[in-house]
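Everything below concerns the one structure shown next.
Every read-out reported here was derived from the displayed coordinates using simple, explicitly stated rules and does not represent laboratory data. Please read these numbers as outputs of a predicted model, since none were measured by experiment. In this analysis, Cβ positions are derived from the backbone assuming ideal geometry, glycine residues included, and neighbour counts consider all displayed protein chains.
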Amino acid sequence: MSEIQANKLSPASGTALQVGDSGDTITIPSGATITNNGTQTGFGGTNTSLFKAYYTGNGSISANTNTKIVFNNEYFDSNNVYDTSTGKFTAPESATYFFLAQFYVGTALSRLQVRLFKNGSILEIIGFSGDNAGAVTGSTILSLAQNDYIEIYARSVDGNSIYGNTSSGELTRFEGYKLITWVH
């Protein structure tokens, strides 16, 4: 092994400098600092599968029944991953995602739950309230395969109305995004 010591490396021609070849491992030792004063590409990743949908109008939750909530409008949807007609988020790629869902109901319900379904079956209860709750919020982190889909359901011991967003706030919403990195 040989060592080159220099204060600056410049390309011999053109404006690109390559360090190593395909398959090589380039090691930055512990304690070293990399400073970027220019444009970086190919590092980190992007979380462009990003959406925020909300429910408008009023609907109902049947007692002791899983009631699907179709969040029928969007604030944004960077990759067209949420379908406002079916209420499904579909993973565009295998990755880890963060989800949050919130419901607001007309009068207090007993044991109001936010239920997350994956590919048509219940996966987990991500939000739960005790008796006399008027709202519930839940969130989770999931590793999904490409084309897995997520839907949100409400369930309560009582039947009641669910309320959509108003000019005074975000009452019922569903949002999510791809995490750039995740270490298990």
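For the chain, lysine pairs separated by 8 or more sequence positions, or belonging to different chains, with Cα-Cα distances below 18 Å total 8.
Net charge dipole, segment 50-178: roughly 160 debye, given to the nearest 20, about the Cα centre with Cβ charges of +1 for Lys and Arg and -1 for Asp and Glu. Taken over the C-alpha atoms, segment 50-178 has Rg and Dmax values of 13.7, 40 angstrom. Considering only G134, G20, G159, the mean-square fluctuation computed in a Gaussian network model of the chain, springs between alpha carbons under 10 angstrom, is largest for G20. Farthest toward the positive end of the dipole of the chain, out of S62, S129, T33, is the Cα of S62, where the dipole comes from beta carbon charges about the Cα centre. For the chain, the longest piece that avoids every one of the GluC sites (Glu not before Pro) found in DSSP loops with at most 14 other C-beta atoms within 10 Å covers 94-184.
Distance from the alpha carbon centroid of segment 116-160 to that of segment 4-76 works out to 27 angstrom.
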